[in-house]
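The block underneath contains the structure these notes are about, expressed in structure tokens.
We did not get these values from a lab; they are worked out from the coordinates using the rules stated. Keep in mind it's a predicted model, so treat the numbers as computed, not measured. Here the Cβ is made from the backbone with ideal geometry for all residues, glycine too, and neighbour counts use every protein chain on show.
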Amino acid sequence: MEAYRDQYATLFNNGRKVLVVGISVDADTVQGDWARESDFPILFASDPDQRVAKLYGSADSKYDTRNVFVIGPDGRIAARILHFNVLSGQAYTDLGAAVARTLPSTGASN
């Protein structure tokens, strides 16, 4: 997950005009402590009973699922990456591409 933090400016347009929310089954207290200790500039959400995961068809009782949602400038879900693999470099490439598609081409650096 440190790759999220370390690639924030590149992948997430420094949080301008796009919001990325990572959702996992981890308890909110655990996530909150961990995010503060690691100085993450990204939002994380807790979904321990997988209500959100079930709504988006990504619930999995055998594994800790991690889902990532890209929220566009209009406040709508512009992309979702189900079962996000935090250890895969390709996952971050795909996430960066999803963020780029979400941003207006003329306002990507605003």
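Annotations for the structure displayed:
- For PHE84, the residues whose modelled amide H falls within less than 5 Å of its own, excluding neighbours fewer than 5 places apart on the same chain, are ARG66, ASN67, VAL68.
- Spacing of the modelled spin labels on TYR8 and ALA97, each 7 Å from Cα toward Cβ, amounts to 2.6 nm.
- Relative contact order computed over region 2-102 (Cα-Cα under 8 Å; 6+ residues apart), in percent: 30 percent
- One chain, two ends: ASP28 and ARG51. Fully extended at 0.36 nm per residue, the span grows by 6.8 nm beyond their Cα-Cα distance.
- Sorted by Cβ neighbour density within 10 Å, fewest at the top, the residues SER46, SER88, SER58: SER88, SER46, SER58
- Across all directions, the shadow cast by the convex hull of region 2-102 built on its C-alpha atoms averages 6.1 square nanometres.
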